[in-house]
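What follows draws every value from the coordinates through simple rules; no lab data is involved. Nothing here was measured: the structure is a model prediction, and the numbers come from that model.
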Amino acid sequence: MINIAGILFEVLFLAIGIYVYLFAIGKIRFKDEKSRQRAEAFRTENGRILRILALALSAIMIVNIALRIMEAFK
């Protein structure tokens with residue numbers, strides 16, 4: 001039987017990975033000017049490592065979800 005809580009956590013972490021990646025490449029915008037400036041400064045300092053870590057997290061979660069689904073249909 002599929003462990004629903006496990007799949008929910010994996011989907012949640014996949015969403016976090018996608019959000020962090022979108023933030024790292026600059027697709028997430030903030031309305032407040034002060035927040036936008038802080039985010040841009042953070043992104044310029046840490047954008048490269050954020051992209052790498054977000055892609056790694058997303059890839060791991062996709063593999064975990066795929067394995068869990070394959071296990072369920074076995």
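Couple of notes before you dig in:
- Using the rule -39500 (n - 2.57) for each DSSP H run of four or more residues, divided by the residues of the chain, the 222 nm mean residue ellipticity is -30500 deg cm²/dmol.
- Residue-by-residue Karplus 3J(HN,Hα) for the stretch 4-11, coefficients 6.51, -1.76, 1.60, Hz, glycine and proline x: 5, 4, x, 5, 4, 5, 5, 5
- Helix 33-72 and the longest principal axis of the Cα set of the chain meet at an angle near 10°.
- Computed extension gain for I4 through L67, at 0.36 nm per residue and net of the alpha carbon distance, reaches 21.3 nm.
- If you run the Gaussian network model on the chain, springs between alpha carbon atoms under 10 Å, then out of G47, G26, G17 the most flexible one is G26.
- Spherically averaged projected area of the chain from its Cα convex hull (nm²): 5.5
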